[in-house]
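Notes for the one structure printed next.
The values are calculated or read from the model by the stated rules, or taken from the named source; none is laboratory data. As the structure is a computational prediction, the values presented were derived from the model and not from experiment. Cβ coordinates were reconstructed from backbone atoms using ideal geometry, including for glycine residues, and neighbour counts include every protein chain displayed.
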Amino acid sequence: MRRTFEDAMSWSAAGTERFLDTVAGWGEEQYLAPCGLPGWTRKHLVAHVAANADALSNLVRWAATGEKTPMYSSMGQRNADIEAGSVKPAAELAAWLHESADRLAAGTAALSSDQWNAEVVTAQGRTVPATEIPWLRSREVWVHAVDLAAGVSFADLPAGFLAALADDIAGKRGDAAGPSVVLAAADTGDRWELSGEDDATAVTGPLAEVAAYLAGRPHALTTAGGFPAPALPAWL
């Protein structure tokens, strides 16, 4: 694993700041515009990011106290919170976004070394040390900053984060059904392999485009023959 805990802490803080800066000053019109995720407005997406901060704060509490505190009581509750957030007035939604981010930052800042090593369980059911929490938040704020469809692209994201994101997604996709693809980042020399049942397709492009492709976002990657890169199944 190339990323470190310190990397993730830095990316989490910077990504949160970028997300907050992107939505700063928005009114109802901007919030109600479609985002990059099908069927969602920007209000849905901002509510999702705010709810994620609260959910990760539950994991921080788990690590701090030893009391089992799942991210969400259920997926139904998670979805209901997003829907409720999607109809909040702009000012109220913005306040939730900021307050939830502040709570998460304060909670992580208070964890001791032993508490950071405590085991918690993610929404996907993975048991991980609490040191994974900043990485989970990094993914959330940086990728969804792009999904806001407000001028942030994968090319604007930190290169180290993009490489770590590609490592993470490629590792998860290696366990799922899908096409066999060999990906190469032309600007960094990094390489990833996705195993599948068919013959491998070679795809080369900039790291930002590779990360976008792996994350299931719009991209400009093509094969050597000029065909679109093979479609991938969902990774989360």
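Looking only at region 93-129, residues that are part of a helix (DSSP H, G or I), over 19 Å from the mean Cα position of the chain (by Cα) and either of a type in the set (Ser, Thr, Tyr) or not assigned by TED's automatic domain parsing to the domain that holds residue 19 (or both) come to 1 in all. Within region 63-103, the residues that satisfy the criterion of being surrounded by 12 or more Cβ atoms within 10 Å (Cβ to Cβ) and either basic (Lys, Arg) or touching a Pro at 6+ places or on another chain (Cβ under 8 Å) (or both) are 78, 88, 103. Listed by position, the strands (runs of 3 or more DSSP E) enclosed by region 134-236 that each have at least 3 residues that are in contact with a strand residue (DSSP E or B) (Cβ under 7 Å, 6 or more places away or on another chain) and among the hydrophobic types (A, V, I, L, M, F, W, C) are 181-185. Annotation note: Cβ proximity below 6 Å between a residue of region 127-149 that is farther than 21 Å from residue 37 by Cβ and in contact (Cβ under 8 Å) with a residue 24 or more places away in the chain and a residue that is of a type in the set (Ser, Thr, Tyr) and crowded, with 21+ Cβ neighbours inside 10 Å (sequence gap 6+ or interchain) occurs for 134/12.
Consider residue 113 carefully, then state whether it is buried (at least 17 other Cβ atoms within 10 Å of the Cβ) and either of a type in the set (S, T, N, Q) or at pLDDT 95 or above (or both). Here the answer is no, as residue 113 does not meet what is asked. Screening residue 78 with (1) at pLDDT 95 or above; (2) part of a helix (DSSP H, G or I); (3) touching a helix residue (DSSP H, G or I) at 6+ places or on another chain (Cβ under 9 Å) gives one miss only, at (1).
Per-residue answers, yes or no, for (1) assigned to a helix (DSSP H, G or I); (2) within 22 Å of residue 123 (Cα to Cα); (3) aromatic (Phe, Trp, Tyr):
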| position | (1), (2), (3) |
| --- | --- |
| 9 | yes, yes, no |
| 17 | yes, no, no |
| 20 | yes, no, no |
| 36 | no, no, no |
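Within region 81-92, the residues that satisfy the criterion of being in a loop (DSSP other than H, G, I, E, B) and out of contact with any Asp or Glu (no Cβ under 9 Å at 6 or more places or on another chain) are 86, 87, 88. Selection of first residues in region 30-46 that are closer than 15 Å to residue 151 by Cβ and of second residues that are basic (Lys, Arg) and part of a loop (DSSP other than H, G, I, E, B), restricted to Cβ pairs under 9 Å at least 6 apart or on distinct chains, gives the following pairs, ordered by first then second residue: 36/217.
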